[in-house]
Amino acid sequence: MTSTKQPWKQLSSTVVYDNPWIRVEEHQVINPSGAQSLYGKVCFKNRAVAILALDEAHNLYLVGQHRYTLDDYAWEIPMGGAPDDEELLAAAQRELKEETGISASSWDEVMRLHTSNCITDELGVVYLARGLTQGAPQREPTEDLAVRKLPLEAAVAWVLEGRITDAISAAGILRLCVGRERLLDR
């Protein structure tokens, strides 16, 4: 059900932080209860593109890295940012090659999602990549990644066990399993 009513009224907006990747805004608003309140918004300057790189044996490729924000090691599907002037599919192809060295002959968009729509406007787009060919990674200097090939069923288990906690990765892996026949028959 979609409501066309706008229950929020913005009174003012101030940029409190800005860098090449994000902008943080502070908004004075009238909230749905009618009270004046403060609302923070993180505006991403890139869209997130993520790739379910699936080989013919239904193995999924993951990347592992230490995430500064969590101070923990994380396994995820390959992903990165697509600037507004870059086509989403081209960005996904670039990110897969950059992080894993893999290129793919077949690409399908499988889902779009908002990662945490209560605080950010970030859009995530997940692609299924098949017809994989291995090459050499072309990583950015800031990337220290491990690549792991895992059977799809094991990747699902990792999501369900909490070993994969990244929202886009978890949603993409589970989406691949829901309606799997339709996705894989494309």
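This table checks each residue for (1) under 28 Å from Cys43 (Cα atoms); (2) in a strand (DSSP E or B); (3) within 18 Å of the chain's Cα centre (by Cα).
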position	(1), (2), (3)
Arg130	no, yes, no
Thr142	yes, no, no
Glu153	no, no, no
Ile168	yes, no, yes
Arg175	yes, no, yes
(Q) If the requirement is being assigned by TED's automatic domain parsing to the domain that holds Thr14 and either buried (at least 19 other Cβ atoms within 10 Å of the Cβ) or among the hydroxyl-bearing types (Ser, Thr, Tyr) (or both), which of these qualifies: Tyr61, Tyr39? (A) Tyr39
Q | Members of segment 86-128 found to be of a type in the set (Gly, Ala, Ser) and outside any strand (DSSP E or B), listed by number | A | Ala90, Ala91, Ala92, Gly101, Ser116
Q: Mind telling me which of the residues Pro32, Pro20, Pro7 ends up being loosely packed, with under 10 Cβ neighbours inside 10 Å, touching a residue at least 12 places away in the same chain (Cβ under 8 Å) and not hydrophobic (A, V, I, L, M, F, W, C)?
A: Pro20
Q.
Among the residues of segment 51-70, what is the count of those that are out of contact with any strand residue (DSSP E or B) (no Cβ under 7 Å at 6 or more places or on another chain) and either modelled with pLDDT of 95 or more or outside any loop (DSSP other than H, G, I, E, B) (or both)?
A. 2
Q: May I ask you to say which residue of Glu26, Glu86, Glu99 is of a type in the set (Asp, Glu), surrounded by 14 or more Cβ atoms within 10 Å (Cβ to Cβ) and within 16 Å of Val147 (Cα to Cα)?
A: Glu99
Q.
Every residue in segment 111-150 that is farther than 16 Å from Ile173 by Cβ and among the polar types (S, T, N, Q), please.
A. Ser116, Asn117, Thr120, Thr133, Gln134, Gln138, Thr142
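Yes or no: Leu132 surrounded by 13 or more Cβ atoms within 10 Å (Cβ to Cβ) and touching a Lys or Arg at 6+ places or on another chain (Cβ under 8 Å)?
no
The values are calculated or read from the model by the stated rules, or taken from the named source; none is laboratory data. The shown structure was predicted, so the numbers you read here are calculated from the model rather than taken from an experiment. Cβ atoms come from the backbone with ideal geometry, glycine included; neighbour counts cover every protein chain shown.
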